[in-house]
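Notes follow once the structure below has been shown.
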């Protein structure tokens, strides 16, 4: 089951107006959208998700105030324009991989489940993780692993992949790829806090989905779509996302930052939902023109 993270804090910073118009830019399991809808009386929620499977979950809410679009949130401006909406009261981003995507072995996001190396949020377009591994140069792979995973062994992992590719033994499944990476990264006798392939998997997923560029574009579109006093709230799960959110809010002259430091889940929420442990929430408010 998908458990939305920092829901109470997200609603507080969105400052929901019953007749307001809101955007859930990452619908996922629909938990945040449902919480917003529960506070509306005449308002609407425009939900966006790159994963086509999210459409079924949106229909399950059976709320006429919810309008779902299968798209990337970088297209937020054109989506709103399609519905004749010029300004909104709030935009929420809950970034990263949803629990449903992570737990579905066919999607290829998890290292612990054997599956094809896919990792695409939208399975109907773009290159899969295997396609990237099979075609990128050694330097391109090393740059991906270092820039998006902050992996110190990026060059050695890239070299190992290219060597396996040259011999026709490039792994095609998540478990085999995780084993290859672990064999390169793991240091004998050293106790690992996380799986040795974690950072490489994160980096590959970010590259496959162009997540960081999409986030920058999505945040810019969100801020541009806010009415005066409207708010943007973003929940991130790793330092690269958080850094982009922080600078997008701090450096935009149209925005007053509401969170000088990011909010994090309580001890109780982290114990009840371990996937919330790395979450950070930041928020900003659109200044009067």
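The values are calculated or read from the model by the stated rules, or taken from the named source; none is laboratory data. No experiment lies behind these values; they were computed from the predicted model shown. Ideal geometry is used to build each Cβ from the backbone, glycine not excepted, and the neighbour counts take in all protein chains shown.
Brief remarks follow.
- In region 30-65, the residues that are crowded, with 20+ Cβ neighbours inside 10 Å and either free of Cβ contacts under 8 Å to residues at least 12 places away in the same chain or part of a loop (DSSP other than H, G, I, E, B) (or both): 30, 50, 51
- Lone qualifier among 277, 268 - being over 26 Å from residue 51 (Cα atoms), in the same structural domain as residue 79 (by TED's automatic domain parsing) and over 13 Å from the mean Cα position of the chain (by Cα): 268
- Of all the criteria given as (1) part of a strand (DSSP E or B); (2) within 17 Å of the chain's Cα centre (by Cα), the one not satisfied by residue 284 is (2).
- Of all residues in region 106-137, those satisfying the criterion of being in contact with a strand residue (DSSP E or B) (Cβ under 7 Å, 6 or more places away or on another chain) and either more than 19 Å from residue 199 (Cβ to Cβ) or surrounded by fewer than 19 Cβ atoms within 10 Å (Cβ to Cβ) (or both) are 114, 115, 116.
- Qualifying residue in region 148-170 (condition: buried (at least 21 other Cβ atoms within 10 Å of the Cβ), closer than 30 Å to residue 47 by Cα and not assigned by TED's automatic domain parsing to the domain that holds residue 35): yes
- Matching residues in region 15-27 - criterion: being within 21 Å of the chain's Cα centre (by Cα) and over 21 Å from residue 64 (Cα atoms): none
- Checking 235, 244 one by one, the residue that is within 15 Å of the chain's Cα centre (by Cα) and assigned to a strand (DSSP E or B) is 235 and no other.
- Failed item, numbered, when residue 128 is tested on (1) farther than 26 Å from residue 242 by Cβ; (2) free of Cβ contacts under 8 Å to residues at least 40 places away in the same chain; (3) touching a helix residue (DSSP H, G or I) at 6+ places or on another chain (Cβ under 8 Å): (2)
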